[in-house]
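A.B. asks: Mind looking over this structure? Questions follow.
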Amino acid sequence: MNTYRFTTSSQAETEELGKKFSEYLEPGTLVAMYGDLGAGKTAFTRGVLRGLGYDCTVSSPTFAIVNEYRGGRLDLAHFDMYRISSEDELYGTGFYDYLDGSMAVFMEWSENVPFVVDDATVKIRIEHGKGDTRTIEIDFPKEISF
Ligand SMILES: Nc1ncnc2c1ncn2[C@@H]1O[C@H](COP(=O)(O)OP(=O)(O)OP(=O)(O)O)[C@@H](O)[C@H]1O
Ligand SMILES: [Mg+2]
């Protein structure tokens, strides 16, 4: 794994980082995002989706658990694990069907589903800094350049 560390100062900058990161996504990539409420997990994912060519509304699928985006450069499933606390519950959402390698899968609140994360999983940790700053750490299996 290669670790890349960034600091952003606004939501727009976090979205821009997500947009650049989207270039490295492939079908079957699983991305585990970590960070508190309001850290910027959805902002990052929105940028990713913009980079893939989606211009629709992007919000946390807190109640729906998963939002699907299809028809862009890559299909993407956006999960919010905030309300998930067991493997059985996750199974009930159909999560495992999304891991068939046909799409990228992003997860907010991956803290709640450690059992699906392994060495091949891309990890993104977002932490609050002073004011609107955020530190964003990306563990990626390949060398990438932003
Ligand atoms: N540098 C920054 N990057 C991202 N968001 C920022 C930044 N500075 C301020 N913000 C604000 O922080 C909030 C981030 O919200 P976002 O929905 O992306 O967080 P989240 O991690 O998905 O939270 P949740 O766990 O509630 O889903 C937004 O209100 C955004 O405007
Ligand atoms: Mg969110």
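A.B. asks: Considering each residue of region 1-28, count those that are open to solvent by 20 Å² or more (accessible area, probe 1.4 Å), of a type outside the set (A, V, I, L, M, F, W, C) and farther than 10 Å from I136 by Cβ, and give that number.
C.D. replies: Taking region 1-28 first, the residues open to solvent by 20 Å² or more (accessible area, probe 1.4 Å) are 1-7, 9-13, 15-16, 19-20, 23-24, 26-28.
Adding the requirement that they be of a type outside the set (A, V, I, L, M, F, W, C) leaves 2-5, 7, 9-11, 13, 15-16, 19-20, 23-24, 26-28.
With farther than 10 Å from I136 by Cβ added as a condition, the list becomes 2-3, 9-11, 15-16, 19-20, 23-24, 26-28.
Of the residues in region 1-28, 14 are open to solvent by 20 Å² or more (accessible area, probe 1.4 Å), of a type outside the set (A, V, I, L, M, F, W, C) and farther than 10 Å from I136 by Cβ.
A.B. asks: Regarding region 21-32, can at least one residue be identified that is under 13 Å from the mean Cα position of the chain (by Cα) and within 16 Å of ligand 2 (Cβ to nearest atom)?
C.D. replies: For region 21-32, residues under 13 Å from the mean Cα position of the chain (by Cα) and within 16 Å of ligand 2 (Cβ to nearest atom): present.
A.B. asks: Report the residue count in region 1-37 for those that are in contact with a helix residue (DSSP H, G or I) (Cβ under 8 Å, 6 or more places away or on another chain), in a strand (DSSP E or B) and polar (S, T, N, Q).
C.D. replies: 1
A.B. asks: Which residue, of R70, R46, is of a type in the set (K, R) and touching an Asp or Glu at 6+ places or on another chain (Cβ under 9 Å)?
C.D. replies: Working: R70 fails: touching an Asp or Glu at 6+ places or on another chain (Cβ under 9 Å).
None of the other options fit; the residue is R46.
A.B. asks: Scan E68, E89, E23, E13 and give me the residue that is among the acidic types (D, E) and within 16 Å of ligand 1 (Cβ to nearest atom).
C.D. replies: Numbers: E68 fails: within 16 Å of ligand 1 (Cβ to nearest atom); E89 fails: within 16 Å of ligand 1 (Cβ to nearest atom); E23 fails: within 16 Å of ligand 1 (Cβ to nearest atom).
Only one candidate qualifies: E13.
A.B. asks: Let me ask something else about it. Just give me the residues in region 117-146 being of a type in the set (A, V, I, L, M) and either in contact with a Cys (Cβ under 8 Å, 6 or more places away or on another chain) or buried (at least 19 other Cβ atoms within 10 Å of the Cβ) (or both), in sequence order.
C.D. replies: As a first pass, look at region 117-146 and keep what is of a type in the set (A, V, I, L, M): 117, 120, 122, 124, 126, 136, 138, 144.
If the condition is that a residue be of a type in the set (A, V, I, L, M) and either in contact with a Cys (Cβ under 8 Å, 6 or more places away or on another chain) or buried (at least 19 other Cβ atoms within 10 Å of the Cβ) (or both), then V122, I124, I126, I136, I138 are the ones that fit.
The values are calculated or read from the model by the stated rules, or taken from the named source; none is laboratory data. Computed from a predicted model, the values in this text were never measured in an experiment. Methodologically, a virtual Cβ is constructed for each residue, glycine included, from the backbone with ideal geometry; neighbour enumeration extends over all protein chains shown. Calculation scope for accessible area: heavy atoms of the full protein, side chains included, ligands and nucleic acids excluded. Shrake-Rupley method; radii C 1.70, N 1.55, O 1.52, S 1.80 Å.
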